[in-house]
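Only one structure is covered here, and it is reproduced in the block below.
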Amino acid sequence: MAKRLIPSLNRVLVEKILPPTKTTAGILLPEKASKLNSGKVVAVGPGARDRAGNLIPVSVKEGETVLLPEFGGTQVKLGDKEFHLFRDEDILGTLHD
């Protein structure tokens with residue numbers, strides 16, 4: 001079994017962040033109340049090449065929190081964890097505190 005997956009070209013491996021299901025006081029939250037489709041970047045590929053052969057680097061880095069599209073990506077299961085592979089241009093943006 002693979003211990004680490006390194007994406008090829010301009011692919012980004014993301015672990016989706018699950019929203020909390022209840023507050024610290026124990027109040028249950030409905031599913032749609034906090035639906036922000038975000039994830040943490042686990043690994044990035046080296047980047048793609050343009051027609052001239054120049055390397056176009058991936059725009060996100062490992063450890064960043066990114067905003068993901070509602071649909072898309074390829075689901076990958078490594079061990080007991082689920083990850084998603086997205087192309088760099090499919091990622092909508094980065095989230096900062």
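Overview of results
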item	result
Residues of the range 65-95 satisfying the condition of being touching a residue at least 60 places away in the same chain (Cβ under 8 Å), assigned to a strand (DSSP E or B) and surrounded by fewer than 17 Cβ atoms within 10 Å (Cβ to Cβ)	V76, L78, K81, E82
Residues (β-branched (V, I, T) and touching a Phe, Trp or Tyr at 6+ places or on another chain (Cβ under 8 Å)) located in the range 75-97	V76
Counted residues, the range 1-60 - those being outside any loop (DSSP other than H, G, I, E, B) and either at pLDDT below 75 or of a type in the set (S, T, N, Q) (or both)	7
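The values are calculated or read from the model by the stated rules, or taken from the named source; none is laboratory data. Because the structure is predicted, anything quoted here is derived from the model rather than measured. Note that we place each Cβ from the backbone using ideal geometry, even for glycine, and neighbour counts take in every protein chain shown.
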